Amino acid sequence: MEVNIERSWKEQLQPEFDKPYFAELVRFVKQEYASKKVYPPGSKIFNAFEKTPFDKVKVVIIGQDPYHEPGQAHGLSFSVPDGVPLPPSLQNIYTELQSDLGITPPASGNLERWAEQGVLLLNATLTVRTHAANSHQQYGWSTFTDAVIHQLAEKKEHLVFILWGSFAQQKGAFIDPNKHLVLKSAHPSPLSVYRGFWGSKPFSKADNYLMQHGQLPISW
């Protein structure tokens, strides 16, 4: 199957695109976009891959599914376009960033600057119906994004996987902690942020690990 995705990812993921489940997923997604309001815009479904080619990935932050209110989702986990108010989880991420590294929270919630430095902002599900969280979760995206994580975990070394909350931790359970740095904490959602997200220092830990392995840190 021909899928419009960044070239290096296409090379890694072509076997997935040729599987029956993916053909079914494409049919479902096309039908949804044709008949319902779905986010992100169709051109942004694979935005995380466009911004962070396979050979550039240094850090992986796993989210659950796209924001489902108008104007928020643009294909990067936890990120919103310039000018869009910061969702609560992202506000908490910025608060922890300030606590960890002393970085004043930016006004914009657009995390493309992270993605362009090698932070793959990957949602487990890449599309969603308006006002309906997890509405596309059961249709094949999870199988596809599991394959993405497997390719990274198996073919690369010394990546940082940031797994916030039980969902991301289950999704990344197979990652070899002897080969990569796996950072786990509570989710930055207001519902769980007090259960160990505050003070978890994921940004400094990621940078220290990257530098220990001869890579430039992320300018968060």
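Brief remarks follow.
- Screening I175 on (1) surrounded by fewer than 17 Cβ atoms within 10 Å (Cβ to Cβ); (2) touching a residue at least 24 places away in the same chain (Cβ under 8 Å); (3) farther than 22 Å from H74 by Cα shows it passes everything except condition (1).
Yes/no matrix, rows are residues, columns are (1) of a type in the set (G, A, S); (2) touching a Gly at 6+ places or on another chain (Cβ under 9 Å); (3) in contact (Cβ under 8 Å) with a residue 24 or more places away in the chain:
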| residue | (1), (2), (3) |
| --- | --- |
| I45 | no, yes, yes |
| A48 | yes, yes, yes |
| V57 | no, yes, yes |
| D65 | no, no, yes |
| H74 | no, no, yes |
| P81 | no, yes, yes |
| E112 | no, no, yes |
| S135 | yes, no, yes |
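- Check on W141, more than 18 Å from L210 (Cβ to Cβ) and aromatic (F, W, Y): yes
- Residue in the stretch 156-167 that is hydroxyl-bearing (S, T, Y) and open to solvent by less than 20 Å² (accessible area, probe 1.4 Å) present: no
- All positions within the stretch 106-152 that are more than 17 Å from E6 (Cα to Cα), open to solvent by less than 30 Å² (accessible area, probe 1.4 Å), of a type outside the set (G, A, S) and outside any strand (DSSP E or B): N110, L111, W114, T125, T127, H136, W141
- Checking the stretch 45-58 against the condition returns a match, with at least one residue being at pLDDT 95 or above, surrounded by 15 or more Cβ atoms within 10 Å (Cβ to Cβ), charged (D, E, K, R) and in a loop (DSSP other than H, G, I, E, B).
- Picking from residues in the stretch 92-105 that are in a helix (DSSP H, G or I) and touching a Phe, Trp or Tyr at 6+ places or on another chain (Cβ under 6 Å), the one that is nearest to P66 (Cα to Cα) is L97.
- Just one of (1) surrounded by fewer than 17 Cβ atoms within 10 Å (Cβ to Cβ); (2) under 25 Å from S135 (Cβ atoms) fails for E32. It is (1).
- In the condition set (1) within 18 Å of S77 (Cα to Cα); (2) open to solvent by 40 Å² or more (accessible area, probe 1.4 Å), Q212 is compliant with all but (1).
- Where a residue in the stretch 10-23 is assigned to a helix (DSSP H, G or I) and its partner, wherever it lies, is open to solvent by 20 Å² or more (accessible area, probe 1.4 Å) and of a type in the set (D, E, K, R), with Cβ under 7 Å and at least six apart: F22/E16
- Flag for Q72 being surrounded by fewer than 23 Cβ atoms within 10 Å (Cβ to Cβ), in contact with a strand residue (DSSP E or B) (Cβ under 8 Å, 6 or more places away or on another chain) and outside any strand (DSSP E or B): yes
- Answer residue from the stretch 5-19, given it is acidic (D, E) and touching a helix residue (DSSP H, G or I) at 6+ places or on another chain (Cβ under 6 Å) and is surrounded by the most Cβ atoms within 10 Å (Cβ to Cβ) among those: E16
- Residue that is free of Cβ contacts under 8 Å to residues at least 12 places away in the same chain and either under 21 Å from A115 (Cβ atoms) or within 20 Å of the chain's Cα centre (by Cα) (or both), where the choices are P217, P188, P202: P217
- Residue that is at pLDDT 95 or above, farther than 23 Å from K56 by Cα and in a helix (DSSP H, G or I), where the choices are Y209, Y194: Y194
- Of the criteria (1) touching a residue at least 40 places away in the same chain (Cβ under 8 Å); (2) part of a strand (DSSP E or B); (3) farther than 22 Å from G75 by Cβ, which one I162 fails: (3)
The values are calculated or read from the model by the stated rules, or taken from the named source; none is laboratory data. Keep in mind it's a predicted model, so treat the numbers as computed, not measured. Because the Cβ atoms are built from the backbone with ideal geometry, glycine has one as well, and the counts that use them run over all protein chains shown. We work out accessible area using only protein heavy atoms, side chains counted, and drop any ligands, DNA or RNA first. Shrake-Rupley method; radii C 1.70, N 1.55, O 1.52, S 1.80 Å.
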